[in-house]
1. Using beta carbons and a limit of 9 Å, which pairs, at least six apart or on different chains, have the first residue in segment 106-132 and under 17 Å from ALA32 (Cβ atoms) and the second one of a type in the set (Asp, Glu) and surrounded by 14 or more Cβ atoms within 10 Å (Cβ to Cβ)?
2. Output the number of the condition that LEU131 fails; it satisfies all remaining conditions of (1) part of a loop (DSSP other than H, G, I, E, B); (2) modelled with pLDDT under 80; (3) in contact with an Asp or Glu (Cβ under 8 Å, 6 or more places away or on another chain).
3. Of everything in segment 9-25, what is of a type in the set (Ser, Thr, Tyr) and farther than 20 Å from ALA110 by Cβ? Give them in sequence order.
4. Quickly run through segment 134-146 and pick out the residues that are in contact with a helix residue (DSSP H, G or I) (Cβ under 9 Å, 6 or more places away or on another chain) and part of a loop (DSSP other than H, G, I, E, B).
5. May I ask you to say which residue of LEU61, LEU54, LEU25 is more than 29 Å from LEU144 (Cβ to Cβ), modelled with pLDDT of 80 or more, within 29 Å of the chain's Cα centre (by Cα) and not in a loop (DSSP other than H, G, I, E, B)?
6. Please work out which one of (1) loosely packed, with under 12 Cβ neighbours inside 10 Å; (2) part of a helix (DSSP H, G or I); (3) modelled with pLDDT under 80 is the condition LEU68 fails and give its number.
Amino acid sequence: MDEPTPRPGRALSPEEVGARVSAILEAAERDARAVIDAAHRDAPAVEAATIDELAQVLSALSARVEALERSLENGAAPRRPTPLPVPAAVPARDPRSHRAAADHAARVRAVELALAGYSRDAIARELTASLPAGEIDALLDEVLSR
């Protein structure tokens, strides 16, 4: 990782290529483990929904599907359905944990694309959907320097 970039005209030896690929894969594995650990750490303790609550939600969904099928068979325009009840045990997502997971996912995606041989510009275009422009350059500087 700390080896200098070879001078133009000098090809990398197979050992050098293997060492660089290994370093990139190790970094990708660390980042993936960090994403998984963060998801487990940030996930609130969830109380399991009871079978009765899940059965009620399933019954409501079945009734909605049947009503929709009947209205489509009769040629009528389907009416807008009422929202399904959500069991009380389903936690709300914390936007901070979602953002951290998106940052880790973008890092892993950048490493994947770099390993696949994509240019810096192509990787930056790919990451525009998940990161602000200022963060993309910093991420690419970090990932591509290894």
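1. So the pair list comes out as ARG107/ASP31; VAL108/ASP31; ARG109/GLU126; ALA110/GLU126; VAL111/ASP31; LEU113/GLU126; SER130/ASP103.
2. Of everything listed in (1) part of a loop (DSSP other than H, G, I, E, B); (2) modelled with pLDDT under 80; (3) in contact with an Asp or Glu (Cβ under 8 Å, 6 or more places away or on another chain), LEU131 misses just condition (2).
3. Let us first name the residues in segment 9-25 that are of a type in the set (Ser, Thr, Tyr), namely 13, 22.
The answer is SER13, and nothing else.
4. Of the residues in segment 134-146, the ones in contact with a helix residue (DSSP H, G or I) (Cβ under 9 Å, 6 or more places away or on another chain) are 135-137, 139-140, 142-144, 146.
ARG146, the sole residue that qualifies.
5. None of the other options fit; the residue is LEU61.
6. (1)
The values are calculated or read from the model by the stated rules, or taken from the named source; none is laboratory data. Model, not experiment: these values are computed from the prediction. Methodologically, a virtual Cβ is constructed for each residue, glycine included, from the backbone with ideal geometry; neighbour enumeration extends over all protein chains shown.
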